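None of the figures in this text is laboratory data; all of them are computed from the coordinates on show. What you see is a predicted model, and the numbers here were worked out from it, not measured in a lab. Don't worry about glycine lacking a Cβ; one is built from the backbone with ideal geometry, like all the others, and counts go over all protein chains shown.
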Amino acid sequence: MGQAAVRTCGRSKSYVTELYEWFRKFVIECPSGLIALHEFQRHFCDGTVGSESAEYAEQIFRTLDSNGDGVVDFREYVMAISMLIEGSAVEKLRWSFKLYDKDRDGAITKEEMLEIMQAVYKMNVAAGLTKPNPLTAEECTSRIFVRLDKDNNAIISLEEFIEGALDDNWIREMLECDPSTVKVGRPLKRDTALENPRLI
């Protein structure tokens, strides 16, 4: 308890300011203090990423909804973002594991990982974020599985996931969730952007 208090008091002013900004946006977008799946998908899928991100948004929502009640409250929301920004490498990877473990059975199949990878790739293409000559989602998934599935049983356990990612920077970069993908914010209106090119 004492260590937690020290960590809280030691947080920077910029972190507190950012936390307030998350709260402000959350209240504006979700005045009830709760966000349902369809609302999260609406915010997540609006703008440049297109409808391809709906499935990925749903899986992020399920991961955010830590108590499984079908809605995300501000506490669940801010705890996840705070952990993704300030948490340890192991904490971030534990959260990412839940994201890939779609059926929540404690293991990741190749099919589960491929579905998430494909959704991320589609989002990156739609947003123009792909690097030159990237690996395909299938190639990326296969490479990760070869390196992480140490016992060759066609599934990745939590232990394999964490240990493998900690030992390989490329895998860790591929598997960790970007905190910006879970932030709720009002998208820029297209007509406003066209009227003021400096905003684009």
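Quick one: Lys92, Lys25, Lys150, fewest Cβ neighbours within 10 Å first, how do they rank?
Least to most surrounded, the residues fall as Lys150, Lys25, Lys92.
Taking the Cβ of Lys102 as the centre, find all other residues whose Cβ is under 13 Å away and add up their charges (Lys, Arg: +1; Asp, Glu: -1).
-4
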